[in-house]
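Q: Let me begin by handing over the structure; questions about it come next.
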Amino acid sequence: MIRPIDWRRLTGLAGLVLLLAGCAPASSGTPDAARYKVALVAKSTQTDFWKAVFVGAEAAATEYNLDLTIQGPDTEEDYGTQNDMIAQAVEDGAQALVFSAIDYDANAPAIEEAAEQGVKIVVIDSAVHSEKVATYIGTDNYSAGQMAAQAALDGVKGQLQVGIVNYDVNSANGQDRERGAVDAFTDSGRSQVVATIHTLAEATSAKQDTLAMLRAHPEINVLLAFNEPTSVGAAQAVEELDLADSLWMVAFDSNLVTIDALQTGAVDALVIQNTYEMGYFGVQSAYKLLTGQRSEVEKHVDTATRIINRENMFALDGQKVLFPFSQ
């Protein structure tokens, strides 16, 4: 026997289902069509420094369900390719840009144009000459330069004859580090910077230029290098000239080469930046800007910097700094 449909009861049940659906918690994921598009344009994609930045950026993109693209030129001198990548990211619909400038001035027009198109601008690691930047996230580079100089002052007694290996003269973070180091050496009253070179930010060129500097100035007993590629090349030059016992070297950033050089004595101290935080907070800030949380985005975020030497490199906290993703 087929019972007649009770329409009043069915209507009531349908209303209850709709009511319960309305009370159900919303899905934490944003539909793909509504995902914010964020582009990260780095100085390079080749070094361990930038690969660690990308790990942090991707973690934030996953947490906030963002459509993140990552690009960078092959070398840290190619600001023209960076500018092309910025323009292409805007054309592809990027709503926020996380950027590290190769050239403080030459990258500025591309950033200004992106901002005029409504793109939110977050800068990490290296600044650009633009008032359109919402926030800078990275190392306090002047203080990091002072920290590098102080490590040498603590490690060497008597008079310091300093050689500096820096990269592109138009890169803001490298120049800030050099200025901080020079000021610290000058204030010490027992240091003289006898030679400074600006080399390509790649190991082979840095090695050759450092070899030439050390041969021309055998009085150098302290050597500073200010980023990962120049540190690798400078350390290789120290090893080739067998100067590990007579020269105190401070390098920036860590990879297998510089860590091995720290163990063998070619490098005496490493200034380690918090690369993961740069990437993570850069993308997180982009998300906050896109979701109207501008008041929660600080104008300047200083990520932590540490000195690692042979005394603390094998301690647990030292290992975590040197190998942050292997713990």
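The values are calculated or read from the model by the stated rules, or taken from the named source; none is laboratory data. For clarity, every value in this text was computed on a predicted model and none was experimentally measured. Every residue, glycine as well, gets a Cβ built from its backbone with ideal geometry; the counts of neighbours run over all protein chains shown.
Q: Looking only at segment 43-75, which residues are touching an Asp or Glu at 6+ places or on another chain (Cβ under 7 Å) and not hydroxyl-bearing (Ser, Thr, Tyr)?
A: Within segment 43-75, Lys43, Gln46, Asp48, Phe49, Gly56, Leu68 qualify.
Q: Now for a different question. Can you list the helices (runs of 4 or more DSSP H) found entirely within segment 172-240 that contain at least 2 residues being more than 24 Å from Val257 (Cα to Cα) and not small (Gly, Ala, Ser)?
A: Because the criterion is at least 2 residues that are more than 24 Å from Val257 (Cα to Cα) and not small (Gly, Ala, Ser), the helices (runs of 4 or more DSSP H) in segment 172-240 that meet it are 172-188.
Q: Looking at (1) surrounded by 24 or more Cβ atoms within 10 Å (Cβ to Cβ); (2) in the same structural domain as Ala101 (by TED's automatic domain parsing), which is the one condition that is false for Val232?
A: (2)
Q: Any idea which of (1) surrounded by fewer than 24 Cβ atoms within 10 Å (Cβ to Cβ); (2) touching a strand residue (DSSP E or B) at 6+ places or on another chain (Cβ under 9 Å); (3) within 24 Å of Thr135 (Cα to Cα) is the one His198 doesn't satisfy?
A: With (1) surrounded by fewer than 24 Cβ atoms within 10 Å (Cβ to Cβ); (2) touching a strand residue (DSSP E or B) at 6+ places or on another chain (Cβ under 9 Å); (3) within 24 Å of Thr135 (Cα to Cα) applied to His198, the lone miss is (3).
Q: Could you please let me know if Val267 is β-branched (Val, Ile, Thr) and within 29 Å of Asp78 (Cβ to Cβ)?
A: Yes, satisfied.
Q: Something else now. Does segment 257-266 contain any residue that is touching a residue at least 12 places away in the same chain (Cβ under 8 Å), within 30 Å of Phe99 (Cα to Cα), within 23 Å of the chain's Cα centre (by Cα) and surrounded by fewer than 24 Cβ atoms within 10 Å (Cβ to Cβ)?
A: Looking through segment 257-266, at least one residue is touching a residue at least 12 places away in the same chain (Cβ under 8 Å), within 30 Å of Phe99 (Cα to Cα), within 23 Å of the chain's Cα centre (by Cα) and surrounded by fewer than 24 Cβ atoms within 10 Å (Cβ to Cβ).
Q: Scan segment 30-42 and give yes if some residue there is within 30 Å of Thr199 (Cβ to Cβ), in the same structural domain as Gly282 (by TED's automatic domain parsing), outside any helix (DSSP H, G or I) and out of contact with any strand residue (DSSP E or B) (no Cβ under 6 Å at 6 or more places or on another chain), otherwise no.
A: yes
Q: Which residue out of Asp92, Asp105, Asp125 is charged (D, E, K, R), surrounded by 20 or more Cβ atoms within 10 Å (Cβ to Cβ) and in contact (Cβ under 8 Å) with a residue 24 or more places away in the chain?
A: Asp125
Q: In this structure, does Phe54 turn out to be closer than 25 Å to Asp253 by Cα, modelled with pLDDT under 95, among the hydrophobic types (A, V, I, L, M, F, W, C) and crowded, with 17+ Cβ neighbours inside 10 Å?
A: Answer is no for this residue.
So that you can scan it fast, the table gives a plain yes or no per residue for (1) assigned to a helix (DSSP H, G or I); (2) within 20 Å of the chain's Cα centre (by Cα); (3) in the same structural domain as Gln284 (by TED's automatic domain parsing):
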site	(1), (2), (3)
Phe54	yes, yes, yes
Thr69	no, yes, yes
Val98	no, yes, yes
Glu112	yes, no, yes
Val122	no, yes, yes
His129	no, yes, yes
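Q: For segment 271-296: of the residues being aliphatic (A, V, I, L, M) and in contact with a Phe, Trp or Tyr (Cβ under 7 Å, 6 or more places away or on another chain), which is surrounded by the fewest Cβ atoms within 10 Å (Cβ to Cβ)?
A: Across segment 271-296, the extreme among qualifying residues is Leu290.
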